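> One structure, as structure tokens, below. Some questions next.
Each reported figure results from applying straightforward, stated rules to the coordinates on display, with no laboratory input. None of the values given here were measured: they were computed from a predicted structure. Neighbour counts run over all protein chains shown; Cβ positions are idealised from the backbone, glycine included.
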Amino acid sequence: MNSDNYQFAKSSAPQGVDLYSPFQEKQWNYLNDINSGVYSNNSGLTQVQFDLTSIYNSGQFCDTSDLFLTVPIVMTAVPSAAGVAVAPTANVGLSSLMTLKSNFQHLIHQIEVTANGKTVNDTQPFISIYENFKLLSSMSTGDLKQFGSSFGLGEELDSEKSVVWNALAAQTTPQSGVGLCNNRPFVGGATVGADTQPVIAASQNTQTINKSLQRRATRVVESNIVTASSSSKIYGTNAGGGAANFLMSPTQLQAEFKPYYTIVGNVHVWYDVAIIPLKYLCDCLDKMGLVKKLDLNLRIYFNTGSLSVAVANPNLTTTQYGAFTNISFANACPFSTNLLANTAAAGGLPATTDALQCGCFIARSPVTTLTPASLSHPMPAVRCYYSMVKMEPARQLAYVDANREKQVVFENVIFNQYNNIGSGSSFSQLVQSGIKNPIGVCIIPLIGSQTLTGAAGAATLGFEQFASPYDTCPSTYAPISLTNLSVSLGGQTVLNPTLYYSYETFLEQVAHAETLTGSDLGMSVGLINQSWWEMNRVYWVDLSRGRDADKASMRNLSISFNNNSNAAITLMVFTVYLDKIVVDVETGIVKK
């Protein structure tokens with residue numbers, strides 16, 4: 001659409017004082033979950049449930065697209081030596097040691113939405129991986145700058161230039177972990193680092209950092225009762241004498257639930273609040289719209305747990321992270337353990353540290369030998385916020401009369417996972433047997449646990465990429481090349497099998513998929529540019545084209561390709577299809 005046409009259409013639109021807003025009033029409320037403050041936390045997945053059936057007002061409406069969660073997050077880290085906690089370095093905080101991975105959605109492993117006992121949104125695992133891609137494909141750079149911090153994204157994406165593959169411990173240079181790593185917020189010692197290489201170096205990108213980690217780390221302000229000066233002396237604990245040595249204390253921060261870092265005993269603690277709009281996870285909630293009775297139940301599974309990171313060369317600019325063990329996460333690890341390669345006095349790890357015990361929990365941390373007391377978040381439970389909208393009586397009557405049987409069409413997702421697809425091997429699989437109205441398939445290859453590492457490939461990696469605390473996956477992916485990619489639907493080839501899927505192909509597929517970024521103003525793929533895509537390969541194939549009779553028929557979906565990499569990959573396939581329900585906006589009754 002030419003901009004002249006837009007200006008003409010805007011000038012032709014009817015205007016009036018009474019047309020400015022159809023609403024008389026809009027207020028916000030919240031409900032706590034029905035867990036009664038009890039969260040399993042250390043069992044891999046923590047279930048949180050909401051019963052929204054009590055939300056009803058005969059004179060007001062609830063907009064389902066406004067629903068969002070606020071999740072109280074407690075992260076802990078304990079440097080230890082031979083299993084005993086190491087005391088913090090005097091006047092030094094480690095607020096950048098841990099950060100949640102980009103996008104708060106990765107706290108959620110799967111979610112189920114039911115209405116009147118009918119399942120509207122199926123429980124599919126790893127749902128945040130696809131929804132993260134969809135969100136990145138839809139946001140603009142302006143959206144990222146304005147809302148990124150609120151949604152846990154930061155003001156820029158995790159840098160593709162700071163990614164490094166570590167198969168062996170170097171023992172002479174800083175090493176941020178094992179496997180694919182992107183957890184360097186700083187370059188150690190006196191060397192200056194940047195998100196682009198600042199000086200000439202023997203190896204490309206050796207001094208490149210992930211600036212997004214810094215942004216996310218500083219979102220959680222330091223209010224450390226141990227250090228003499230915390231967050232630029234703005235947040236901290238007054239030392240007495242009748243003067244305000246800091247502008248805000250931890251108690252004052254708790255009153256408004258502001259994310260902050262502190263030290264309790266030998267435990268480094270991060271208190272955060274994750275804001276998760278549900279419309280980005282469940283398309284049915286985005287499309288349902290205004291209803292008087294919100295007869296919904298939510299069942300959400302959060303990634304919670306702990307792990308132990310091996311540390312070598314602490315208190316030096318050559319600090320290294322090794323294998324991680326004692327993992328209680330069932331699936332994705334939602335945080336990154338960031339490399340702090342420096343002396344302890346300059347913000348590095350204490351000299352005797354040989355391990356870091358790290359965990360992420362909801363509302364409160366469990367009691368362990370290294371965390372002798374439970375650390376509770378000032379927000380005691382997960383909240384679901386909702387809006388209540390009051391309309392002009394005439395418009396309310398007209399809206400209800402027109403929508404007693406409102407058809408709601410939305411996206412749903414089916415997940416498939418295939419493990420240990422070897423280096424150089426071919427893959428051919430019937431992914432879906434009988435699917436109606438598919439609109440796209442999202443193929444994401446990740447580095448698998450069977451990838452060979454070590455001297456002459458003598459060992460396997462031993463963990464999945466999404467489980468690593470050194471990698472920003474699942475908010476980022478892997479530079480895995482798939483060649484001869486072929487997708488067929490109902491026996492018809494959708495993607496030419498001889499085609500090499502490049503970034504240009506990605507543009508062709510995504511730019512015309514309305515589920516992601518369809519635009520009449522030009523080709524757009526949101527925040528994903530060529531350099532980011534080549535380091536974080538996502539293969540999207542549009543399935544929406546075809547005859548109406550074919551779309552309504554049950555068809556098989558098949559995928560084949562060659563693994564053009566040295567890694568044994570774990571393949572995640574998200575088949576996106578259109579589903580529908582019928583909603584009575586007056587009673588909230590759903591027919592499916």
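> What shape does segment 409-580 have by the C-alpha gyration tensor, where a ≥ b ≥ c are the square roots of the eigenvalues, rounded means a/c under 1.5, and otherwise prolate means a/b greater than b/c and oblate the rest?
Working: a/c = 1.95, a/b = 1.55, b/c = 1.26.
Taking the square roots of the gyration eigenvalues as a ≥ b ≥ c, segment 409-580 is prolate.
> Net charge within 14 Å of residue 435 by Cβ-Cβ distance, Lys/Arg positive one each and Asp/Glu negative one each, not counting residue 435 itself? Write down the numbers at each step before the final one.
On the way: positive: 436, 551, 555; negative: 122, 411, 550, 579.
Taking every Cβ under 14 Å from that of residue 435, the sum is -1.
> Continuing with this model, one more query. Taking Cα centroids, how far is segment 540-592 from segment 32-50 in Å?
30 Å
> Another question about this same structure. Amide H of residue 124 versus every other amide H placed in the peptide plane: which residues, excluding those fewer than 5 positions away on the same chain, fall under 5 Å?
111
> Does segment 545-592 classify as rounded, prolate or oblate by the C-alpha gyration tensor (a ≥ b ≥ c root eigenvalues; a/c under 1.5 gives rounded; else a/b over b/c gives prolate, otherwise oblate)? Kindly include the intermediate steps, with their values, before the conclusion.
Working: a/c = 5.18, a/b = 2.07, b/c = 2.50.
Oblate.
> Once every DSSP H run of n ≥ 4 in the chain is given -39500 (n - 2.57) and the sum is divided by its residues, what mean residue ellipticity at 222 nm do you get, rounded to the nearest 500 deg cm²/dmol?
Working: 10 runs with 78 residues, N = 592.
Per the formula, -3500 deg cm²/dmol.
> Test of understanding: what is the full-extension gain from residue 140 to residue 484, defined as 0.36 nm times their sequence separation minus their Cα-Cα distance? Write down the numbers at each step before the final one.
Details: separation 344, 0.36 × 344 = 123.84 nm, distance 3.16 nm.
Gain in length upon complete extension: 120.7 nm.
> So, in Å, what gap is there between the alpha-carbon centers of segment 332-405 and segment 70-84?
14 Å
> Under the rule of at least 5 residues apart or a separate chain, name every residue whose amide H is placed under 5 Å from the amide H of residue 431.
557, 558, 559
> Roughly how many Å is it from the Cα centre of segment 254-305 to that of segment 473-494, as a whole number?
32 Å
> Shape verdict for the chain, please, from the Cα gyration tensor: rounded (a/c under 1.5), prolate (a/b greater than b/c) or oblate. Present the calculation step by step, with values, prior to reporting the outcome.
Working: a/c = 1.82, a/b = 1.24, b/c = 1.47.
Oblate shape, in that a/c is at least 1.5 and b/c is the bigger or equal ratio.
> Once phi is turned into ³J(HN,Hα) by the Karplus curve 6.51 cos²θ - 1.76 cosθ + 1.60 with θ = phi - 60°, what whole-Hz value does each residue of segment 389-399 show in order, with x for glycine and proline?
My calculation for segment 389-399 gives 10, 10, 9, 4, x, 5, 5, 4, 4, 5, 5 Hz in order.
> For residue 418, project a label point 7 Å along Cα to C-beta. Then give me every residue of segment 560-590 with its amide nitrogen under 13 Å of that point.
560-564, 569-574
> Please go through segment 40-91 and write out the chymotrypsin sites (Phe, Trp or Tyr not before Pro) that DSSP classes as loop and that have at most 12 other C-beta atoms within 10 Å. Walk me through the numbers on the way to the answer.
Values: sites: 50, 56, 61, 68; in loops: none.
Sites meeting the loop and neighbour criteria: none at all.
> Starting from segment 243-300, pick out the chymotrypsin sites (Phe, Trp or Tyr not before Pro) whose DSSP state is loop and whose Cβ has at most 16 other Cβ atoms within 10 Å. Spell out each step's value before the answer.
Numbers: sites: 246, 257, 260, 261, 270, 271, 280; in loops: 246, 257.
In loop regions of segment 243-300 (DSSP not H, G, I, E or B), the sparsely surrounded chymotrypsin sites (Phe, Trp or Tyr not before Pro) are 257.
> Right, here's the next one. Using the per-residue mean of other Cβ atoms lying within 10 Å as a proxy for protection, in what order, highest first, do the peptides 406-419, 474-487 fall?
Values: 406-419: 16.4, 474-487: 21.6.
Sorting 406-419, 474-487 by mean packing, highest first, produces 474-487, 406-419.
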